[in-house]
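Colleague: Can you keep this structure in mind? I'll have questions shortly.
Where a number appears in this text, it was derived from the coordinates with a stated rule and is not lab data. What you see is a predicted model, and the numbers here were worked out from it, not measured in a lab. All Cβ positions, glycine included, derive from the backbone under ideal geometry; neighbour counts span all protein chains shown.
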Amino acid sequence: MITSAQMRAARAMLGIDQKTLAERAGVSVPTIQRMEASQGNVRGVVESLTRVVEALDGMGIELIGDNAQSLAGGRGVRLREPTPPSGD
């Protein structure tokens, strides 16, 4: 699965817009817009979602699930739960 936040972050890391991702994945721009507007996990047609994930992979993006290790190496950013503020 991919979350909408992962999709937006992947585009930001690649420095591409929604149109470029849509072209690379072979889907429409409105499809990318709907996916990125989802709350949590992206919902949509499985084939479209697979195309987007494969396009991101081909451009060098490794999607890392919760509690999964990244074994491919390379630079990246990972989102984790924030640390609660201390009660000073």
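Colleague: Tell me the residue from 51, 78 that is under 16 Å from residue 25 (Cα atoms) and touching a residue at least 12 places away in the same chain (Cβ under 8 Å), please.
Modeller: Numbers: 78 fails: under 16 Å from residue 25 (Cα atoms).
Unique residue meeting the criteria: 51.
Colleague: Starting from residues that are of a type in the set (S, T, N, Q) and over 29 Å from residue 81 (Cα atoms), keep the ones in the range 20-39 and report whichever is surrounded by the fewest Cβ atoms within 10 Å (Cβ to Cβ). Don't jump to the end; show me each part of the working.
Modeller: Looking only at the range 20-39, we keep the residues that are of a type in the set (S, T, N, Q), and these are 20, 28, 31, 33, 38-39.
Now restrict to residues that are over 29 Å from residue 81 (Cα atoms): 20, 28.
Numbers: 20: 16, 28: 14.
In this case the residue turns out to be 28.
Colleague: Tally time: how many residues in the range 1-19 are within 14 Å of residue 51 (Cβ to Cβ) and either among the β-branched types (Val, Ile, Thr) or surrounded by fewer than 17 Cβ atoms within 10 Å (Cβ to Cβ) (or both)?
Modeller: Summing the residues that are within 14 Å of residue 51 (Cβ to Cβ) and either among the β-branched types (Val, Ile, Thr) or surrounded by fewer than 17 Cβ atoms within 10 Å (Cβ to Cβ) (or both) in the range 1-19 gives 1.
Colleague: Just a yes or no: is a residue in the range 40-49 charged (D, E, K, R) and surrounded by fewer than 15 Cβ atoms within 10 Å (Cβ to Cβ)? Steps first, please.
Modeller: Residues of the range 40-49 charged (D, E, K, R): 43, 47.
Still in the list and also surrounded by fewer than 15 Cβ atoms within 10 Å (Cβ to Cβ): 43, 47.
Yes, because at least one residue in the range 40-49 is charged (D, E, K, R) and surrounded by fewer than 15 Cβ atoms within 10 Å (Cβ to Cβ).
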